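Everything below concerns the one structure shown next.
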Amino acid sequence: MNSSCPAILGVFTDERERKAGRGAASTREFTQRIHWLVLRLEEDQCLALPLNERGLPGEVRRPLSRAELLGGFEPAPHIFRDHLLSVLAGLRDKLEILGGPRALEHLSPDEAQALKALSIAREMDVQADDIQLARLLLAGLPAGVVEFGERAAHDLNGEGVGLRRDGQAARAVVFLSKALEMSPRDDHLHFNLARAYYDKKDEAGCRRCLEDALRLNPDLDPARRFLRFLDVGKAALHRGPLIVEGL
């Protein structure tokens, strides 16, 4: 998320408390969950497009700062992988192979909808046309599902470690947990999540993640020493340095 180049950041979810009903007796509260396709326009400027019932982005735009995205939205990489990746990959391939105007004749309804959503030349205030910008956004897509999982895990891990170092342990847990959903056998992700749980003062969660990391990699020394620290208390610090930074 740190580059200034326009890019597709993925799907994120936010929750809002709503009220339904007219009178006091009939009013009820409920939680509304909205999934958004988030695009980065500039380094600190994002654009969120709500997904419809078919999991496709619409043409409504919600400007977001990077801080708002990291502080209030939950990553939903599985939604991007399961509902959007194949549509966007098909759109990318047709625009690349056939060229812009000719490709328009061969788009599926879902691909045509996605292209409309990615038509953001007005928001970017640049000389490029909508198709050129769509091709730029789509060029960064991973080749397939496996590559997407690896990249999503890497990006979410980086954001999670950064949030923890900024003192936002609870938000770090959210991002690192989603990274693990994409790459559940990555021992370093388990260790980084353990560190976030520890900063969140959740020792049980920390211990569970350390044990998972060591099951995957018994030679992960920082995790073993961190677990020993939890077992014997702070006195373990006097026996040698304890490395607990994110991996």
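The values are calculated or read from the model by the stated rules, or taken from the named source; none is laboratory data. From a predicted model like this one, the values you see are computed outputs, not experimental measurements. In this analysis, Cβ positions are derived from the backbone assuming ideal geometry, glycine residues included, and neighbour counts consider all displayed protein chains.
Restricting to the stretch 196-212, count the residues that are closer than 18 Å to residue 70 by Cβ and either among the basic types (Lys, Arg) or touching a residue at least 40 places away in the same chain (Cβ under 8 Å) (or both). It would help to see each step written out before you state the result.
Of all residues in the stretch 196-212, those closer than 18 Å to residue 70 by Cβ come to 196, 199-200.
Right, trim to either among the basic types (Lys, Arg) or touching a residue at least 40 places away in the same chain (Cβ under 8 Å) (or both) and you get 200.
Number satisfying all stated conditions: 1.
The single condition among (1) free of Cβ contacts under 8 Å to residues at least 40 places away in the same chain; (2) buried (at least 17 other Cβ atoms within 10 Å of the Cβ); (3) assigned by TED's automatic domain parsing to the domain that holds residue 172 that residue 150 does not satisfy is (2).
Selection within the stretch 166-178: residues that are in contact (Cβ under 8 Å) with a residue 40 or more places away in the chain and part of a helix (DSSP H, G or I). The member of this set that is surrounded by the fewest Cβ atoms within 10 Å (Cβ to Cβ) is 174. The residue pairs whose first member lies in the stretch 60-75 and is loosely packed, with under 12 Cβ neighbours inside 10 Å, whose second member is polar (S, T, N, Q), and whose beta carbons are closer than 8 Å, counting only pairs six or more residues apart or on different chains, are 63/45; 65/45; 71/168. Quick check on this structure: which one of 213, 194 is in contact with an Asp or Glu (Cβ under 6 Å, 6 or more places away or on another chain) and buried (at least 19 other Cβ atoms within 10 Å of the Cβ)? On inspection, the qualifying residue turns out to be 213.
Is it the case that residue 219 is modelled with pLDDT of 95 or more and outside any helix (DSSP H, G or I)? Explain how you work it out, then say what you get.
Numbers: modelled with pLDDT of 95 or more: yes; outside any helix (DSSP H, G or I): yes.
Criteria met by residue 219.
Checked against (1) within 21 Å of residue 172 (Cα to Cα); (2) at pLDDT below 85, residue 32 meets all criteria but (1). Against the definition (of a type in the set (A, V, I, L, M) and either in contact with a helix residue (DSSP H, G or I) (Cβ under 6 Å, 6 or more places away or on another chain) or under 18 Å from residue 168 (Cα atoms) (or both)), how does residue 204 come out, yes or no? Judged against the criteria, residue 204 is not a match.
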